[in-house]
1. Tell me the residue from Asp35, Asp69 that is in contact with a Gly (Cβ under 9 Å, 6 or more places away or on another chain), open to solvent by less than 40 Å² (accessible area, probe 1.4 Å), at pLDDT 90 or above and within 30 Å of Pro125 (Cα to Cα), please.
2. Those residues that are touching a Phe, Trp or Tyr at 6+ places or on another chain (Cβ under 8 Å) and either in a helix (DSSP H, G or I) or at positive phi (or both), I need them from the stretch 56-68; list them, please.
3. Which residues, taken from the stretch 38-66, are hydrophobic (A, V, I, L, M, F, W, C) and open to solvent by 10 Å² or more (accessible area, probe 1.4 Å)?
4. Of all residues being at pLDDT 85 or above and within 20 Å of Leu124 (Cα to Cα) in the stretch 74-84, which is surrounded by the most Cβ atoms within 10 Å (Cβ to Cβ)? Just the residue, please.
5. Would you call Arg45 of a type in the set (Lys, Arg), at pLDDT 60 or above and within 20 Å of Leu132 (Cα to Cα)?
6. From the set of residues in the stretch 85-143 that are at pLDDT below 80 and in contact with a Ser or Thr (Cβ under 7 Å, 6 or more places away or on another chain), which is most open to solvent (accessible area, probe 1.4 Å)?
7. Would you pick out the residues in the stretch 144-169 that are buried (at least 19 other Cβ atoms within 10 Å of the Cβ) and β-branched (Val, Ile, Thr)?
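The values are calculated or read from the model by the stated rules, or taken from the named source; none is laboratory data. Here the structure is a predicted model, which is why all the values come from computation and not from measurement. Cβ coordinates were reconstructed from backbone atoms using ideal geometry, including for glycine residues, and neighbour counts include every protein chain displayed. When the accessible area is computed, the model is the full protein with side chains, heavy atoms only, and any ligands, DNA or RNA have been set aside. Shrake-Rupley method; radii C 1.70, N 1.55, O 1.52, S 1.80 Å.
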Amino acid sequence: MNPSGGEHSVQAKDFHDSVRPGLVAMLPRLKRFADVLAGGREEGRGLLSRALQYMMAEQHLYQRGTALDVWAYAEVYRQWRHELSGHADPMAQAKVDGAHFAELFLLEDDGYRDDPVIAFLVGLPPQQRLTLLLVYGDGFEHEDAARILDVPLETIAARLVRMSAALTDRLSERPAAQAASIVETLYPEGHRASP
């Protein structure tokens with residue numbers, strides 16, 4: 001189910017005059033997104049804290065009728081971009097440390113991580129990685145991912161095509177069975193975006 005619609009949709013109007021309860025309900029998802037943006041858990045915690053302070057102070061900017069998760073993700077992303085804007089090459093600053101990034105994908109039960117998938121994600125340009133994680137990781141429709149990242153819808157499709165081409169190149173270097181397991185990890189059944 002798409003988290004920005006249906007039973008998972010969180011609207012501020014459901015919480016009277018405050019977006020606080022809705023934000024609290026989605027904190028685990030927002031934290032994961034901030035961790036991925038910032039490239040690590042500690043950095044992500046700081047980013048999310050600053051973004052939440054802004055959202056609470058400026059909650060009047062939230063437009064009723066907009067899915068709260070789309071607004072909140074967009075605000076976390078906006079905060080991240082704002083903090084990068086002081087750098088001469090913001091996207092160069094967005095590169096993540098592979099070891100810190102890998103920690104975000106450890107499975108809590110047994111500490112297992114899928115190193116080929118992590119290496120693929122780390123190697124993607126930041127905007128492709130974010131698009132992939134929003135669409136396939138958090139299940140946002142292409143339109144909502146475009147709103148969050150403040151880009152045209154066509155840009156989301158183009159990024160996913162480029163990412164798929166990069167994945168194809170990467171998989172062509174691996175044995176068929178290993179390639180199939182990587183595809184299944186990135187594109188699990190029932191979690192595909194609509195065309």
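1. Residue meeting the stated conditions: Asp69.
2. Of everything in the stretch 56-68, just one residue is touching a Phe, Trp or Tyr at 6+ places or on another chain (Cβ under 8 Å) and either in a helix (DSSP H, G or I) or at positive phi (or both), namely Leu68.
3. Filtering the stretch 38-66 for residues hydrophobic (A, V, I, L, M, F, W, C) gives 38, 47-48, 51-52, 55-57, 61.
Matches in the stretch 38-66: Ala38, Leu48, Leu52, Met56, Ala57, Leu61.
4. The residue in question is Trp80.
5. On the way: of a type in the set (Lys, Arg): yes; at pLDDT 60 or above: yes; within 20 Å of Leu132 (Cα to Cα): no.
No.
6. Taking the candidates together, the pick is Asp114.
7. Selection gives Ile148, Ile156.
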